[in-house]
Structure formats: C-alpha cells, structure tokens
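J.: Below is a structure I'd like to ask you about.
The values are calculated or read from the model by the stated rules, or taken from the named source; none is laboratory data. All of these numbers come straight from a predicted model, not from anything done at the bench. Every residue, glycine as well, gets a Cβ built from its backbone with ideal geometry; the counts of neighbours run over all protein chains shown. Accessible surface is based on the protein model in full, side chains and every heavy atom, while ligands, DNA and RNA are left aside. Shrake-Rupley method; radii C 1.70, N 1.55, O 1.52, S 1.80 Å.
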Amino acid sequence: MKNFASGLKKKKILIFGAGFSGNQIAKEMRNIGFEVFTSSRKVKDDKWSFLYDSNNDDLPSDKLFKDVSHVLSCMPPNIDGSDPLLSKLETKLLSLDLEWAGYLSTTGVYGNTFGEWVSENDPVNPIQERSKRRLLCEEKWMNTSLPTQIFRLPGIYGPGRSTLDSILKKNITVIFKKDQVFSRVHVSDIANAIIYLIQNQNKFNFYKIINIADDNPSSQIEVIRYSYKLLRKKMPKQIDFEEAKKNLSPIALSFWEENRRVSNSLLCKELGYKLIHKDYKSGLKHCLKHLKLTN
Ligand SMILES: NC(=O)c1ccc[n+]([C@@H]2O[C@H](COP(=O)([O-])OP(=O)(O)OC[C@H]3O[C@@H](n4cnc5c(N)ncnc54)[C@H](OP(=O)(O)O)[C@@H]3O)[C@@H](O)[C@H]2O)c1
C-alpha cells in the first residue's frame, strides 16, 4: 500500500461507527498515513475519537470537519429506516470538499437467490425488514451528490469475532441444512479493499456499488467443522435444521431464510483487488494466530 505521509498532502478521514469493521479500517488507514478520527456513542479518553449518536441532537464541532477529505459510515440504519449519518449531517458533508465518501451496507439487500450467484448488476429484492431499511439508506446515499461508494458486505468475521470465538464461548449450535451456503468476508479484506479503491480512485471507473466478499461461499457446517479441527476439539453432533429451528431466535432464523453466493467479480477481476483471505480456511487460520497471541 502507498503511504500518503510521503510527500503527498495528508488526508483526513472521519469514520462514523468504529465498531468491528470501523476500528480495523481506522487502524489500516493510519498505517498508510491518513489522519483518522472515529466516532463513538460513549465518551472515550482518546484524542482521535469523537462523540456521535444519531439519536441525540449533539453534533460534532466544526473544528472536527476542517480539512476532511474522506468520510466513511459503518453504522446500521436507524429503526425508522433513516440513515444515521445523512439524517443529521448531510448538509454539513455537502459543504465539505470531499474526495470520497464510503458507506458499509449489506448483501441482505439482494434477498434470497436460492443459492445462485448474485452480483451488483442483479436487482435488489430485500425480504427482511432490516434489509428493507438498509436499501432505504443505500438510496439516500445514492441520491446525495457526494462522491459515494457503497460496499455490500456478507457475514463479517475476523480476530475476536469468528466461529473459533463462538466455540470457545460455547455459543455455537452445529446445524445442517442441505444446499445452504453463506458468503463471508474477513475484516482485513474490507479494510484493504477500501484502501485499494481509495488509492486507485482516479485510475478506475468509479463504481457506486461494490460487493466485498471472499471467493468461496460455503456451508456453515463446513466452517464449523474446520474451526473445531483448528482448535483440536471434537465437534458435537450436528442437528438437522428442521429440528434446530425450534430453538433459534427470530434473528438467527432470519439468516437461514436466505441462501446466496455473493460474487466479488467486479472487485477482484475488473478492479484487480487481491484478497488477503480468499476463503474461510485462510481467514480462520489468521484468527487462530490472533487467539494464540492474545491468550
Ligand atoms: N456484522 C456483520 O456480519 C455485517 C454483515 C454485513 C453488513 N454489516 C453492516 O456493516 C456495518 C459495519 O458492521 P460491523 O459489524 O463492523 O458493525 P458494529 O461492530 O456493530 O459497529 C457498528 C458501529 O455503529 C455505531 N452506531 C450504531 N448505531 C449508531 C447510531 N444510531 N449513532 C451513532 N453510531 C451508531 C456503533 O457505535 P458504538 O461503538 O458507540 O456502539 C458501532 O461503532 C454495519 O452497518 C453493519 O450493519 C454487518
């Protein structure tokens, strides 16, 4: 990755919603010389963090927005379907001379493709209420005149948030559902793909919607089996989905109602991004290394 600190004017990014992905992106953008400020809903004793909660009226100070070149939102939609950033700060963002604005969305907007591949060119068809709210936010972002890129993400995992952690916390049910697959992305690939696109913004066509997913959608049981193997633990007996669903929460159940393979062809073939973790095996080995380092 190129480093902006060497010669070029320093770039400044505000990341709204520094949760799992936002924090990783912040870390990697600092590594390439960006000045990075991240939002939180709770006060933090850290000069790089600022308060932002779309549910109250306190807005960040004008000083924070001085010389901002990039903005990224990693926040889920508000419960009424409004966007937590644009609903409060769209006018402010439009008044800045932004080079780029990013929005993390979900592949849930594609709905159920019954296991078929789905790309950015396919129509959206959200079936879950949360995915309908997401689509409303995407539309808001598409309709601003900001230089926006929307990233549609499948299940996000990485160090501290993977099946390895779920197994160790004894928070896992081994469910089998025939022909069901899930797409995934390792959090490092979200960060690196976004950095790659920002750094090559003037070189490529500017696509407004891009999927970031790995190469290998796979069944949940395959991933769980591999996780047990990495942890050298015995996998408990699998439960058939029809039996397991009686005990699943509505949110957990909703994930099993959709079956799709998310294509990364635009990102990886046309735009030339090289995945760090092309499948769950590579990603989980990375998570295991992190587990060993932190325990
Ligand atoms: N997790 C997945 O598998 C997945 C898959 C596809 C897409 N996505 C979407 O991708 C984005 C990033 O996902 P993630 O898992 O990294 O997110 P995450 O860890 O849940 O973090 C979300 C962040 O948004 C902030 N936030 C939430 N509501 C807010 C509000 N009303 N006002 C201000 N800040 C608010 C949270 O603030 P605090 O830090 O103060 O709590 C947190 O920092 C999210 O939009 C998520 O819905 C997630």
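J.: One residue is enough: does region 110-127 have a residue meeting the conditions within 13 Å of the ligand (Cβ to nearest atom), more than 19 Å from the chain's Cα centre (by Cα) and in contact (Cβ under 8 Å) with a residue 24 or more places away in the chain?
T.: Within region 110-127, none of the residues are within 13 Å of the ligand (Cβ to nearest atom), more than 19 Å from the chain's Cα centre (by Cα) and in contact (Cβ under 8 Å) with a residue 24 or more places away in the chain.
J.: On to the next question. Checking the condition more than 9 Å from the ligand (Cβ to nearest atom), out of contact with any Ser or Thr (no Cβ under 8 Å at 6 or more places or on another chain), at pLDDT 95 or above and not small (Gly, Ala, Ser), which residue from Leu94, Leu89, Leu14 passes?
T.: Leu89
J.: Ok, one more. For region 95-118, which residues satisfy the criterion of being assigned to a loop (DSSP other than H, G, I, E, B), out of contact with any Pro (no Cβ under 9 Å at 6 or more places or on another chain) and among the hydrophobic types (A, V, I, L, M, F, W, C)?
T.: Leu96, Phe114
J.: Can you find even one residue in region 2-9 that is open to solvent by 10 Å² or more (accessible area, probe 1.4 Å), more than 16 Å from the ligand (Cβ to nearest atom), under 25 Å from Ile209 (Cα atoms) and hydroxyl-bearing (Ser, Thr, Tyr)?
T.: no
J.: Considering (1) in contact with a helix residue (DSSP H, G or I) (Cβ under 9 Å, 6 or more places away or on another chain); (2) open to solvent by 80 Å² or more (accessible area, probe 1.4 Å); (3) within 15 Å of the ligand (Cβ to nearest atom), say which one Asn78 fails and leave the rest.
T.: (2)
J.: Take Ser227 and tell me if it is crowded, with 16+ Cβ neighbours inside 10 Å and under 30 Å from Lys292 (Cβ atoms).
T.: So Ser227 fits the description; yes.
J.: If Asp83 satisfies every condition in (1) of a type in the set (Asp, Glu); (2) open to solvent by less than 10 Å² (accessible area, probe 1.4 Å); (3) out of contact with any Phe, Trp or Tyr (no Cβ under 8 Å at 6 or more places or on another chain) but one, which is the exception?
T.: (3)
J.: Looking at region 86-108, which of the residues that are farther than 20 Å from Ser54 by Cβ and surrounded by fewer than 22 Cβ atoms within 10 Å (Cβ to Cβ) is farthest from the chain's Cα centre (by Cα)?
T.: Checked region 86-108; the qualifying residue farthest from the chain's Cα centre (by Cα) is Asp97.
J.: For region 35-48, name all the residues that are open to solvent by less than 10 Å² (accessible area, probe 1.4 Å) and more than 9 Å from the ligand (Cβ to nearest atom).
T.: Val36
J.: Answer yes or no: is there a residue in region 160-173 that is open to solvent by less than 40 Å² (accessible area, probe 1.4 Å) and touching a strand residue (DSSP E or B) at 6+ places or on another chain (Cβ under 7 Å).
T.: No, there is no match, as no residue in region 160-173 is open to solvent by less than 40 Å² (accessible area, probe 1.4 Å) and touching a strand residue (DSSP E or B) at 6+ places or on another chain (Cβ under 7 Å).
J.: Just to verify a result, which residue in region 248-269, among those that are open to solvent by 70 Å² or more (accessible area, probe 1.4 Å) and without any contact (Cβ under 8 Å) to a residue 40 or more places away in the chain, is farthest from Ile156 (Cα to Cα)?
T.: Lys269
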